[in-house]
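> Have a look at this one before I ask anything.
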């Protein structure tokens, strides 16, 4: 089994050179595209090559990539926010499971889970968020006793609004950055030249 290589080439905007992209494919139907390369000194000095990636909900279809030549003096600034660090729940769970709960659930969800945990006597009878939390604890710590879950959920509720980067703050930050990302992509499309490779 071998890879077949092909170079796609188009004329650059000034007409003095080309823009090239290498593609590879094999007998099994796999296909890979390289990043385009500006083969023109004038255009290389005048433009930035920017890739916009569009994720497909169907993993087997892969992502779509659009390539744009954007003038180097174009204003693409947007106001991304990174006030709250993104922390992995499984990393936090190693030291303090209640911290893992804080970054994974809203305050309302934790209160709902605690109400159910106080009523139930066994992990097997849990439903909804309380059940999810028990599965999460089992996965990260290999144990999910209802006594421990009550204590840890109560601790997560107590510390929720003093924790820097709780679930609600992270969601708010992500929504803001998603809007800014869309603004950035719109600026790229508005100022750039879409490459038809």
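> By how many degrees, between 0 and 90 and to the nearest 10, does the Cα long axis of helix 167-191 differ from the longest principal axis of the chain?
Around 10 degrees separate the two axes.
> Shifting gears a bit: Per 10 Å bin, what is the whole-percent P(r) computed from every C-alpha pair distance within the stretch 89-163?
22, 61, 17, 0
> So how compact is the stretch 1-50: Cα radius of gyration and Dmax in angstrom?
13.5, 41
> Once you keep just the Cα pairs under 8 angstrom separated by 6 or more residues, what percentage relative contact order results for the stretch 89-163?
38 percent
> Out of 58, 67, 184, any idea which swings most in a Gaussian network model of the chain, alpha carbons joined below 10 Å?
Of the options given, 58 has the highest mean-square fluctuation.
> Name the most mobile residue of 35, 18, 124, meaning the one with the largest mean-square fluctuation, in a Gaussian network model of the chain with Cα contacts below 10 Å.
Of the options given, 124 has the highest mean-square fluctuation.
> To two decimal places, what compactness ratio does the chain give when its Cα radius of gyration is scaled by 2.2 N^0.38 Å?
The chain yields a ratio of 1.52.
> Tell me the relative contact order for the chain as a rounded percent, counting alpha carbon contacts under 8 Å between residues six or more apart.
22 percent
> Give the angle, between 0 and 90 degrees and rounded to the nearest 10, that separates the Cα long axis of helix 128-141 from the longest principal axis of the Cα atoms of the chain.
80 degrees
> Right, here's the next one. So how many Å³ per residue does the convex hull of the Cα atoms of the stretch 148-197 work out to?
107 Å³
> What 222 nm value per residue comes from the helices of the chain, counting each DSSP H run with n ≥ 4 as -39,500 (n - 2.57) and dividing by all residues, nearest 500 deg cm²/dmol?
Dividing the helical sum by the residues of the chain leaves -14000 deg cm²/dmol.
> Still on this model: Within 10 Å, count the other beta carbons around each residue, average over each peptide in 159-170, 20-31, and list them highest first.
Final packing ranking: 159-170, 20-31.
Each reported figure results from applying straightforward, stated rules to the coordinates on display, with no laboratory input. The shown structure was predicted, so the numbers you read here are calculated from the model rather than taken from an experiment. Cβ coordinates were reconstructed from backbone atoms using ideal geometry, including for glycine residues, and neighbour counts include every protein chain displayed.
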